[in-house]
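Chemist: Provided herewith is a single structure, encoded as structure tokens, for subsequent inquiry.
The values are calculated or read from the model by the stated rules, or taken from the named source; none is laboratory data. Nothing here was measured: the structure is a model prediction, and the numbers come from that model. Counting neighbours? That spans all protein chains shown, and the Cβs are built from the backbone with ideal geometry, glycine included. Areas reflect the complete protein model, heavy atoms only, side chains present, ligands, DNA and RNA absent. Shrake-Rupley method; radii C 1.70, N 1.55, O 1.52, S 1.80 Å.
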Amino acid sequence: MPILMAIITLVASLADPHSAAAQEWFFDNPRVVDGDTLVFSPRDNETMKAHLDGIDAVEDKQRCGAGVRETAEWSCGLTARLYLMRTLEQRGFLRCRLVGQYDDGLPTVFCMTRGGGSLSYEMVNEGLALALPGADRQLHRAETDAKQEKRGIWQGPFAAPWDWRRDNSAS
């Protein structure tokens with residue numbers, strides 16, 4: 001029965017390109033704004049800014065502790081943005097779908113790379129983003145693994161992105 005429903009959905013999406021089924025997944029090579037925000041250029045030439053679903057990456061101007069010395073810091077926010085840019089350059093187009101809305105009103109998207117991996121998962125697994133409360137269990141497991149392995153922000157002290165934004169909202 002699930003196969004029959006998939007075929008019916010596919011046929012419906014081919015018959016009406018504006019149907020919900022046809023618009024569920026879209027493909028794009030978006031522009032990276034920061035470690036968890038992308039700008040898409042859909043077919044109608046209107047851009048759409050969106051956050052990656054389930055994560056909050058360190059902010060562009062954010063610095064994190066290196067863990068070697070109390071005073072050692074690195075540009076973790078810039079590193080997160082550059083990592084996301086490099087990932088998109090290496091893997092090309094993304095397969096994405098709208099899944100909700102973030103607190104700031106922007107849509108959230110679940111995106112998979114050409115290799116089939118979740119982009120949100122990769123950012124958390126690299127230690128460049130945190131899993132949001134209520135996010136998928138895989139994201140929370142990836143965060144635990146990154147923390148145990150001291151990857152990315154977990155190598156030293158850092159402020160959670162939401163705390164950093166609150167404390168630096170004037171800058």
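Chemist: Just the Kirkwood number for the stretch 93-171, please: inverse of mean 1/r across all distinct Cα pairs, in Å, one decimal.
Modeler: Radius from the Kirkwood sum: 13.9 Å.
Chemist: Something else about it: Let me check something: with ligands and nucleic acids excluded, how do R151, R114 order by accessible area (1.4 Å probe), largest to smallest?
Modeler: Reading off the accessible areas and sorting them downward yields R114, R151.
Chemist: Which value in nm describes the separation of the simple spin-label points at R141 and F93, placed 7 Å from the Cα toward the beta carbon?
Modeler: Placing both labels 7 Å beyond Cα along the Cβ direction yields 3.0 nm.
Chemist: Please sort 101-108, 137-144, 88-95 by packing, taking for each peptide the average over its residues of neighbouring beta carbons within 10 angstrom, highest first.
Modeler: Descending packing order for the listed peptides: 137-144, 88-95, 101-108.
Chemist: Right, another one. What accessible surface, in Å², does a 1.4 Å probe find on V58, ignoring ligands, DNA and RNA and rounding to the nearest 10?
Modeler: 0
Chemist: Here's something else I'd like to know. By how many nm would the segment from R151 to S75 lengthen if fully extended, with 0.36 nm per residue of separation less the alpha-carbon distance?
Modeler: Full-extension gain reported as 25.9 nm.
Chemist: Another question about this same structure. Express the relative contact order of the stretch 41-171 as a whole percentage, based on alpha carbon pairs under 8 Å and six or more residues apart in sequence.
Modeler: Relative contact order, the stretch 41-171: 29 percent.
Chemist: Okay, moving on. For the stretch 114-156, would you read off the P(r) tail past 16 Å as a percentage of all alpha carbon pairs?
Modeler: 28
Chemist: Once you have the Cα-Cα distance between A66 and Q101, take 0.36 nm times their residue separation minus that, and quote the gain in nm to one decimal.
Modeler: 9.3 nm
Chemist: Would you calculate the separation in nanometres between label points at F27 and D167, each defined as 7 Å from the Cα along the Cα-to-beta-carbon direction?
Modeler: 4.4
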